[in-house]
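A short write-up of the structure that comes next.
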Amino acid sequence: MARICLHGYVSGKVQGVYYRQSTQEQADQLELDGWVRNVADGRVEVLLEGEEDAVRSMAAWLEQGPADAKVTGVELQEQPVQGITGFIVRR
């Protein structure tokens, strides 16, 4: 299966609810590469790269997130694969 890359933003109550840490844990389980970080406007920004099925599974998980999150929107766009290795929480 081909590798794909998705980049985008998650809106709602997604800061201060372990969203980034939970995203990293989920990405590690799915063996994805990329990163996640908070944005000053209250959203979370993500870059996901990996096997298409795993990336699509992660994209679906982002719509719910961890238990305390209240996701109101997920906007993801496909981008060229960047060759990132590992998944990190950016500060």
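The values are calculated or read from the model by the stated rules, or taken from the named source; none is laboratory data. Computed from a predicted model, the values in this text were never measured in an experiment. Here the Cβ positions follow ideal geometry from the backbone for every residue, glycine too, while neighbour counts run over all protein chains shown. Heads up: the accessible areas ignore ligands, DNA and RNA and are worked out on the full protein's heavy atoms, side chains in. Shrake-Rupley method; radii C 1.70, N 1.55, O 1.52, S 1.80 Å.
Things to note:
- A straight line joining the Cα centroids of the range 66-86 and the range 32-49 runs 6 Å.
- Evaluating kT/(6 pi eta Rh) at 20 °C and 1.002 mPa s, with the Kirkwood radius of the chain over Cα pairs in the Stokes-Einstein relation, gives 169 µm² s⁻¹.
- Helix 52-62 vs. the chain, principal-axis angle (Cα, 0 to 90°, nearest 10): 0
- GluC sites (Glu not before Pro) restricted to DSSP loop in the range 48-85 with at most 14 other C-beta within 10 Å: 63
- Computed in the context of the full set of protein chains, the accessible area of the chain at 1.4 Å probe radius has 44% of its extent on carbon or sulfur.
- Dipole in debye (nearest 20) - the chain, about Cα centre, beta carbon charges: Lys, Arg +1; Asp, Glu -1: 440
- Per residue, the accessible area of the chain comes to 56 Å², computed with a 1.4 Å probe over protein heavy atoms only.
- Summed residue charge, Cβ within 11 Å of residue 52's Cβ, Lys/Arg positive, Asp/Glu negative: -2
- Over the chain, DSSP H runs of length four or greater, each weighted -39,500 (n - 2.57), average out per residue to a 222 nm ellipticity of -7500 deg cm²/dmol.
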